[in-house]
1. Sketch the reach of a paramagnetic label on residue 248 as a point 7 Å from Cα along Cα-to-Cβ, and name the residues of segment 88-105 whose backbone nitrogen lies under 20 Å away.
2. Can you give the angle from 0 to 90° between the axis of helix 73-83 and the longest principal axis of the chain, with both taken from C-alpha atoms, to the nearest 10?
3. Gain in length, residue 268 to residue 140, computed as 0.36 nm per residue apart minus the alpha-carbon separation, to one decimal in nm?
4. Rounded to the nearest 10 degrees, what's the angle between the helix 239-262 long axis and the longest principal axis of the chain, both from Cα atoms, 0 to 90?
5. Distance between Cα centroids, segment 28-71 to segment 182-259: provide it in whole Å.
6. Springs between alpha-carbon pairs under 10 angstrom, Gaussian network model over the chain: which of 117, 278, 217 fluctuates most?
7. Looking at 36, 20, 55, which one has the Cα that reaches farthest to the positive end of the dipole of segment 14-82 (charges on Cβ: Lys, Arg +1; Asp, Glu -1)?
8. Please give the helix 344-356 orientation as an angle from the longest Cα principal axis of the chain, in degrees from 0 to 90, rounded to the nearest 10.
Amino acid sequence: MGFIFERAALVGVGMVGGSLGRAMLGRGLVKDVVGIDPTGADKALELGAVTETAATLKEGVAHADLVVLAAPVMAVLELLPQLASLLKAGAVVTDVSSTKAMVMDKAAEVLPESVTFVGGHPMAGSEKDGVEALDENLFENAVYVLTYGAGDSQGDRVATLVEKLGAVPVKMDAGQHDRVVASVSHLPHMAASALAETVAANDEDRERIMTLAASGFRDTTRVAMGSPQMWRDICLTNHEHITDLMDTYIKELAEVRDLVASGDGTGLLEHFERARDFRRQVPGRGKGILPTVYNLFVYVPDKTGVIGEVAGLLGDAGINIAEIELLRVREEEGGPLRLGFITEDSLRLAEGVLKKHGYRTELQEG
């Protein structure tokens, strides 16, 4: 198989950029990757995320067939005008920003017609940053949103690259993208950060809070650990959609607050039932895009080697585990070990094997 792009330039080699560089090189999708990042390029070279480094933007992108802007969205908006006169004719430029409308508008405004811009947003990442946190399998089975015009062969070329990374390309209009991610990503972050600050303000009980904080609190506030700079930029470039949703969320919170204050048991029950029913409809893994994962919760003792023991029993039975997650607290649905399977048959077989060996299991409901 030939290279999809001969030479790629990564403008920004942090966790996402580094993961992308090593994945492209490791899978033979590009021949060379040059890293342009004053703080991370040398480390990226050491980690195999790039094949060379460049001291300046001009030097780094001069001969690149593909230029990836792996930087916070406000930095991308500043980089686009700088790139306009530096790119070779026929180059493809893409980004990994969490918002798309402003980026697409700026690219259309400043880039020459000889260059193609393809908006990109890999729905993958972690709370960690820096190239040291790179993961060449980061994009495996992740939805990767692409924004480009109909009949754009270069956009299709980027889509092929995304597929070869193991991701699932989803073509979407920039405006629709920003509306949707405001609901499923940006609003949750606003809620998580506000919740974290609300609890942090309770100085009197801080020690006990830290002792009792369980999976419900940790899971709900996990995204608040993301890069403050990145989230500032997201808010600045998608403020209309975010504020509209926050207004609705605040209204909903006020209504629930009134139910609690008035002791309206019937109203509270209806509220929690509606919320639960909707949450149960949300697929564990992108229905229609990624395969549904069938979950089995296993109650295991806290002892060395128990996860290997469970995996070994299933492996000996020829059952493939698609996902495995250790849940440290038992206050919610299921046991402390979650096993995910691609087929329901595998789920049922695994349940039988583990029960036969004395493990208590529980199927996920809904």
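1. Of the residues in segment 88-105, 99-101 have backbone N under 20 Å from the label point off residue 248.
2. 10
3. On the way: separation 128, 0.36 × 128 = 46.08 nm, distance 4.03 nm.
Result for the pair: 42.0 nm of gain on full extension.
4. For helix 239-262, the angle is close to 10 degrees.
5. 36
6. 278
7. Most positive-ward Cα: 20.
8. Between the helix axis and the principal axis of the chain, the angle is about 50 degrees.
The values are calculated or read from the model by the stated rules, or taken from the named source; none is laboratory data. Model, not experiment: these values are computed from the prediction. Heads up, the Cβs are rebuilt from the backbone with ideal geometry, glycines too, and the neighbour counts pull from every protein chain shown. In case anyone asks, the SASA skips ligands and DNA or RNA and just uses the protein heavy atoms, side chains included. Shrake-Rupley method; radii C 1.70, N 1.55, O 1.52, S 1.80 Å.
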